[in-house]
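In what follows, a structure is listed as structure tokens, so that the remarks can point back to it.
The values are calculated or read from the model by the stated rules, or taken from the named source; none is laboratory data. Predicted model only: the values in this text are computed from it and were never measured. Cβ placement follows ideal geometry from the backbone for every residue including glycine, while neighbour counts extend to all protein chains displayed. Side chains are part of the model used for accessible areas, which takes the heavy atoms of the whole protein and leaves out ligands, DNA and RNA. Shrake-Rupley method; radii C 1.70, N 1.55, O 1.52, S 1.80 Å.
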Amino acid sequence: MHESHKLTRHPPGTAPGTLVPPENALPTEIQAMAYDGERLIEETVVTPEDARALADHWEHVWINVDGLASKDIIERFGKLFGLHALALEDVLNPYQRPKAEEYDSVSFIVTHMVRIENGRLVIEQLNMFLGRNFILTFQDKPGDCFGPIRDRIRKGAGRLIRTGGADYLAYALLDAVVDSYFPVLEQYGEWIDRLEDEVIGQANRKTIERIHHIRRKLSRMRHAVWPMREAINHFARLPCVTESTRLYVRDCHDHLIQILDLLEADGERASSLVEVYLSSVSNRLNEVMKVLTIITTIFIPLSFIAGIYGMNFDHMPELHWRYGYPAVLALMAAIAIALVIYFHRRGWIEWRK
């Protein structure tokens, strides 16, 4: 899921379970990790049949599929691993609501990964199938937040990563997805801090555009995270999840609640920036209007005097006085200075250093 919110839908009346790859889908690539407590092998560009053979001969197998362009490969995965057609249809529709469902001997989990690429928020759907001894993950494109998980498997780091079951690996992947939101929210928090300084200082039209942009992105993340609470709770109740793994899933759920709290706080801060911006614009407008009003007030008596001596009457003795012109200018200057001093004493004008 990228900047666009256009949903991929089949035409009305299409049979359930119909597989149609999304538009502009990337080529399908497959990577496999098979391991137990002592051994580990990694293979790339494997076929679905190779992946099935690994699952038949190894204690734990993680198959990751990047790119959803090949309908044939996805159908073969479905036949070889007993994946339900409705779940495969959801895999090829990358705007699914996060959820956890159970299909016979395989459980299906949908969640959303988030990251920032070139200053843009990218939310990508992760589809996960949990079997007896295997995990199948499907992603829209290469690149994810699972690098630390792969390193832990390679090094055997962590008490359960190599000896725990497929349910523990599923938890580890979900935990990585949830934790990936923290650095993104930290980045958005820094952007909001800078916008606060800008709004209080010299805000302009681009400032309010950036504020609305951040509000939209925070709203998108909230819509992605909110249903994950129910999905993770349902995942914890699946029969394939052991009691020991459920303890870790609860911790993952706590992290998710923290993320929702941060999203709520950042959303309120971004909304308050709009009010601060409008207040700042209103204050600047009031300042401008005050200056213009003061200038107008000063020139009213001056215009009055100039208007009097601009009248074309014959009997105006001052018009023939030798010092009449400088006297009138001095009077007008005295009135202007007196008004400025009066306004300053009333606090309507402040001298700035």
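Quick notes
- Note on segment 185-225: Kirkwood hydrodynamic radius from all Cα pairs is 10.7 Å, rounded to one decimal.
- Largest-first principal axis extents of the Cα set of segment 108-149 (Å): 40, 20, 13
- C-alpha long axis of helix 324-345 to longest principal axis of the chain, angle in °: 40
- Translational diffusion coefficient (Stokes-Einstein; Kirkwood radius from C-alpha pairs) of segment 32-78 at 37 °C, 0.692 mPa s, in µm²/s: 291
- Taking 0.36 nm per residue of sequence separation and removing the Cα-Cα distance, the ASN118/ALA306 pair yields an extension gain of 61.3 nm.
- Separation of segment 16-88 and segment 119-145, taken as the distance between their Cα centroids, equals 12 angstrom.
- Counting only protein heavy atoms and a 1.4 Å probe, segment 249-351 has 71 square angstrom of accessible area per residue.
- For the chain, the tally of Lys pairs with Cα-Cα distances below 20 Å comes to 6, considering only residues 8 or more apart or on different chains.
- Chain lengthening between LEU40 and ASP314 when straightened (0.36 nm per residue, less Cα-Cα): 87.3 nm
- Rg over Rh [alpha-carbon atoms, Kirkwood Rh] for segment 273-353: 1.22
- Kirkwood hydrodynamic radius of segment 210-340, from inverse mean 1/r over distinct Cα pairs, in Å: 21.9
- Shown for segment 37-164 is the translational diffusion coefficient from the Stokes-Einstein equation, using the Kirkwood radius over Cα pairs, a temperature of 4 °C and a viscosity of 1.567 mPa s: 83 µm²/s.
- For the pair HIS255 and VAL288, a Förster radius of 51 Å applied to the C-beta separation gives a FRET efficiency near 0.55, rounded to the nearest 0.05.
- Computed in the context of the full set of protein chains, the accessible area of the chain at 1.4 Å probe radius has 57% of its extent on carbon or sulfur.
- The slack between ASN233 and GLU196, meaning 0.36 nm per residue of separation minus the straight C-alpha distance, is 9.6 nm.
- Directionally averaged shadow of the chain, computed from the convex hull of its alpha-carbon atoms, nm²: 29.9
- DSSP assigns beta bridges within the chain; of those with both partners inside it, close to 85 percent run antiparallel.
- Computed E for THR47/LYS141 - FRET, C-beta separation, R0 25 angstrom, nearest 0.05: 0.80
- With only Cα atoms counted, segment 118-189 has Rg and Dmax values of 13.6, 41 Å.
- Inter-label distance for GLU268 and SER105, nm, one decimal - labels placed 7 Å from Cα along Cα-to-Cβ: 5.1
- Taking label positions 7 Å along the Cα-Cβ direction at both LYS79 and GLU209, the computed distance is 5.3 nm, reported to one decimal.
- Once the Cβ-Cβ distance of ILE295 and ASP179 is raised to the sixth power relative to R0 = 45 Å, the FRET efficiency obtained is 0.15.
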